[in-house]
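J.: I am attaching a structure below and will ask some questions about it afterwards.
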Amino acid sequence: MEILAFGVQADEKPLIERAFGDQEEVRCLDVFLNEDTAPIAAGHEIVSTSVNADHGAAVLEVLAAGGTRMVAQRSTGFNNVDLDTAERLGMTVARVSYYSPYSVAEFAWALAMAVNRRIVRASIRTRDFDFRLDGLMGRDLHGRTAGVLGTGKIGEAFARIAHGFGMRLLGWDVAENPACAELGMRYVPKDELLARSDLITLHVPLMAETRHLIDAAALKSMRDDAILINSSRGGLIDTAALVGELRAGRFAGVGLDVYEAEAGLFFLDKSLEAVEDDTLARLVTFPNVLVTSHQAYYTEDAVGQIVDATVRNVLDYREGRRSENVLVPRS
Ligand SMILES: NC(=O)c1ccc[n+]([C@@H]2O[C@H](COP(=O)([O-])OP(=O)(O)OC[C@H]3O[C@@H](n4cnc5c(N)ncnc54)[C@H](O)[C@@H]3O)[C@@H](O)[C@H]2O)c1
């Protein structure tokens, strides 16, 4: 029976079709799963969803009523999945627990270097045949301090690159990663990391305890010339408070691949619509801010691994096998 895949980007479609091959028939939709689109899944036992899909109670109820028994999410974070409702409805929900951490860590570095060395502004200038350097001065990162909040797979990959740049490493996590300690990372309390780091990067998951991890007080404790990078989840930063600090002229650079109100915006073309989100509209006007739309994972390697894992998750479901990717049922 056909699998319905929501939120499929054009580049991703051939990878999905090739990975399922003749094992399963798959239909790809570019629309994202939400309350409006959930009824399309009626009659599909298995649906596959993308980052930012709405897996709230209302949507899961509609899916279940239409006969959906399994949701194969093509992403890692599951902060947007109502696991209790899925369990109550007797659904299986699987995610992709591992794919290239280098995709995200390398992108976080791309943001860090772009804001530090004003690459986007420089490119806009040279296209206009303006070859002045005024306003483009950055800083060497060699010998400066990188603070990594969340030293799991992606944080470790980021730290390895920072080590290659010759940076000092500070880390903060509930569990120390010995591989990071071997690189010379010193684990310190969050406040100390924020106060001492030239470059701060976020790699913890979004959970109740980490929501607005970077709140007004945390932002105040950072150096005025710090660089802040978020390629994890938008909800880790209080964006309104960040805008307040940016208005006061603080921070050498801020690179955001994620934004707390990105659902319904990111991955879509909104260029011809009136902007409704004043916070985002203000954010993109600052010369020291770079916003990208949740593309850190978007490499051939990572997307290929995500798609392969999704095929395995579907086959496991069909054959009654359980893997570490299964979120629901819980045991
Ligand atoms: N922008 C993107 O395209 C993209 C892609 C993939 C992942 N991500 C985000 O990156 C995050 C990190 O991914 P990962 O693969 O490195 O995960 P991981 O599980 O390997 O690492 C997460 C780290 O956070 C730590 N942590 C968990 N809860 C914490 C808490 N309350 N306080 C402090 N530390 C805590 C864990 O101990 C772990 O070391 C994901 O949760 C996801 O939100 C973003």
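J.: Taking the condition more than 30 Å from ARG321 (Cβ to Cβ), of a type in the set (Lys, Arg), without any contact (Cβ under 8 Å) to a residue 60 or more places away in the chain and more than 16 Å from the ligand (Cβ to nearest atom), does ARG121 pass?
T.: no
J.: While we're here: How about segment 156-185: which of its residues are of a type in the set (Phe, Trp, Tyr) and more than 10 Å from the ligand (Cβ to nearest atom)?
T.: Answer for segment 156-185, where residues must be of a type in the set (Phe, Trp, Tyr) and more than 10 Å from the ligand (Cβ to nearest atom): just PHE165.
J.: Which condition does THR279 not pass, out of (1) within 17 Å of the chain's Cα centre (by Cα); (2) under 25 Å from GLY255 (Cα atoms), if it passes all the others?
T.: Checking THR279 against (1) within 17 Å of the chain's Cα centre (by Cα); (2) under 25 Å from GLY255 (Cα atoms), the one that fails is (1).
J.: In addition: Collect the residues in segment 124-155 that are within 16 Å of the ligand (Cβ to nearest atom) and either crowded, with 21+ Cβ neighbours inside 10 Å or closer than 21 Å to ARG250 by Cβ (or both), keeping them in residue-number order.
T.: Of everything in segment 124-155, those that are within 16 Å of the ligand (Cβ to nearest atom) and either crowded, with 21+ Cβ neighbours inside 10 Å or closer than 21 Å to ARG250 by Cβ (or both) turn out to be ALA146, GLY147, VAL148, LEU149, GLY150, THR151, ILE154, GLY155.
J.: Considering only residues that are part of a loop (DSSP other than H, G, I, E, B) and within 11 Å of the ligand (Cβ to nearest atom), which ones fall in segment 186-206?
T.: HIS203, VAL204, PRO205, LEU206
J.: Let me confirm something: among ASN52, ASN79, which residue is under 28 Å from SER103 (Cα atoms), within 15 Å of the ligand (Cβ to nearest atom), surrounded by fewer than 17 Cβ atoms within 10 Å (Cβ to Cβ) and touching a residue at least 60 places away in the same chain (Cβ under 8 Å)?
T.: After ruling out the rest, the residue left standing is ASN79.
J.: Select from segment 115-140 the residues that are farther than 24 Å from LEU283 by Cβ and either of a type outside the set (Asp, Glu) or not in a loop (DSSP other than H, G, I, E, B) (or both) and list them in ascending order.
T.: THR126, PHE129, PHE131, ARG132, LEU133
Read the figures in this text as sums done on the coordinates, not as results from a lab. Predicted model, so just to flag it, every value in this text is computed and none were measured. Cβ atoms come from the backbone with ideal geometry, glycine included; neighbour counts cover every protein chain shown.
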